[in-house]
Amino acid sequence: MSPSWQKFGIKAEFVERVKVKMKNAATKERIKGLLDGVTKYDLQDRAKVRRWVKQFARILNEPLTETQEDQLVNFIIAQKIDPNNMLHLIKLYTMFR
C-alpha cells in the first residue's frame, strides 16, 4: 500500500529529502517554533497552511512550484489534524518515519 501523501502527487524523493533535513536539530526546532500554538482550525485554513508551507520550504531550502504547494496544502487539509489529539500526532509521525 502506498503512503497517503503519494495519492496527492507528492514525490517520494521530496519526502526523503525533507526527512533528512528534519533530522537537523536546529531546523526541527525552528519549524516546531513556527507551529507553536497552532490549532486544528488553523490547519483547516487554506491561507494559513499555504503560508506555513512556503515558510517551511524556505527554511528547508526546498523551492516549490505552485503545483507542489497546492499538493502539500491539499494533503495537510485532508488529514484533518488536531494537534491536541495524541492519536493524530502518532498517525502523522508514522506517516513520515
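Structure summary
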quantity	calculated
Å² per residue, accessible surface of the chain at 1.4 Å	70 Å²
In Hz, Karplus ³J(HN,Hα) per residue of the range 63-73 (6.51, -1.76, 1.60; θ = phi - 60°; x = Gly, Pro)	x, 10, 7, 4, 4, 5, 4, 4, 4, 5, 4
Relative contact order (%) - criterion: Cα under 8 Å, at least six apart; region: the chain	36 percent
Protection proxy ranking, peptides 18-28, 49-59, average beta carbon neighbours within 10 Å, highest first	49-59, 18-28
Rounded to whole Hz, the Karplus (6.51, -1.76, 1.60) HN-Hα couplings of the range 77-88, x for glycine and proline	5, 5, 6, 6, 6, 10, x, 9, 9, 4, 5, 5
Stokes-Einstein diffusion coefficient of the chain, Kirkwood radius over Cα pairs, 4 °C, 1.567 mPa s, in µm²/s	93 µm²/s
Extension reserve of the residue 84-residue 12 stretch, reckoned as 0.36 nm per residue once the Cα distance is removed	23.1 nm
FRET efficiency, 1/(1 + (r/R0)^6) with R0 22 Å, evaluated for residue 24 and residue 74 via beta carbons	0.25
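The values are calculated or read from the model by the stated rules, or taken from the named source; none is laboratory data. This one's a predicted model, so the numbers in the text were calculated from it and none came from an experiment. All Cβ positions, even for glycine, are placed from backbone atoms using ideal geometry, and neighbour counts span all protein chains on display. Only protein heavy atoms, including side chains, enter the accessible area calculation; ligands, DNA and RNA are left aside. Shrake-Rupley method; radii C 1.70, N 1.55, O 1.52, S 1.80 Å.
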